[in-house]
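So the structure is just underneath, and the comments pick up after that.
Every read-out reported here was derived from the displayed coordinates using simple, explicitly stated rules and does not represent laboratory data. Only a predicted model underlies this, so the values are computations on that prediction, with no experimental measurement involved. Here the Cβ positions follow ideal geometry from the backbone for every residue, glycine too, while neighbour counts run over all protein chains shown.
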Amino acid sequence: MKPNFFKEGYTISDQNATHFLTFSVCGWIDLFTRKEYKDILMESFIYAQKYKGLVLNAFVIMSNHLHLIARTIEGYELSAFIRDYKKYTHGAMMKIIQSEKESRRLWMLHQFKFYSSRHSRNEDYQIWTHNNHPEECITKAFTDVKLDYIHDNPVRAGIVFKPEDYVYSSAANYAGRKGIIEIELL
């Protein structure tokens with residue numbers, strides 16, 4: 001039998017501990033270039049904060065992935081939040097993709113169907129990858145590195161000069177300004 005440190009993949013052993021998470025779109029498809037999709041993600045964060053025990057400490061939504069630092073309060077599980085968040089946002093975004101007339105509609109449907117066909121637990125389409133790469137924020141130093149990484153994403157991508165100027169991020173909250181949603185500062 002292998003010792004625990006040889007575990008494969010990343011797991012969430014403490015469901016209420018603070019974790020750094022990454023949610024990625026299959027094939028790195030630039031889905032979040034439209035405001036409607038980003039708004040679904042934001043509204044889902046707010047709902048989870050109110051009704052699912054989510055404590056959101058930091059986040060950034062990029063064109064094809066999002067990063068967050070979060071935990072859940074006692075009585076809730078971080079794994080359940082992740083499952084429910086991805087399931088709901090998947091369904092809401094698929095409704096838009098299937099009903100709207102945009103130039104990428106057929107291509108996106110084809111791509112998400114392809115990724116769905118690669119996993120037996122999927123139905124018709126798959127937007128999110130199955131891995132969330134959870135990393136527990138055990139030390140302040142580790143957490144600070146991840147917080148800077150999250151907030152510097154739009155700067156590294158050339159979208160803004162200063163992290164706090166990117167709307168779909170918690171960097172404004174950390175700069176003492178009002179962010180797009182309320183978070184709990186670390």
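Per-structure values
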read-out	value
Unit charges at the beta carbon, dipole of the range 112-186: most positive-side option, A175, I159, L185	I159
W107, W128 arranged by Cβ crowding within 10 Å, fewest neighbours leading	W107, W128
Set K140/K162; K95/K162; K86/K140; K95/K140; K38/K140 screened for pairs whose C-alpha atoms are more than 31 Å apart	K95/K162; K95/K140
Aspartates and glutamates whose Cα lies under 20 Å from that of K35, excluding same-chain neighbours fewer than 8 positions away	E43, E100, E102, E164, D165, E182
Footprinting exposure proxy for F114, F161 (fewest neighbouring C-beta atoms within 10 Å first)	F161, F114
D (Stokes-Einstein, µm²/s), Kirkwood Cα radius, the chain, 0.692 mPa s at 37 °C	189 µm²/s
Least to most buried among L109, L56 (fewest other Cβ within 10 Å first)	L109, L56
Long-range amide H partners of R34 with built H, under 5 Å	none
Reciprocal of mean inverse Cα separation for the range 76-119 (Kirkwood radius, Å)	11.8 Å
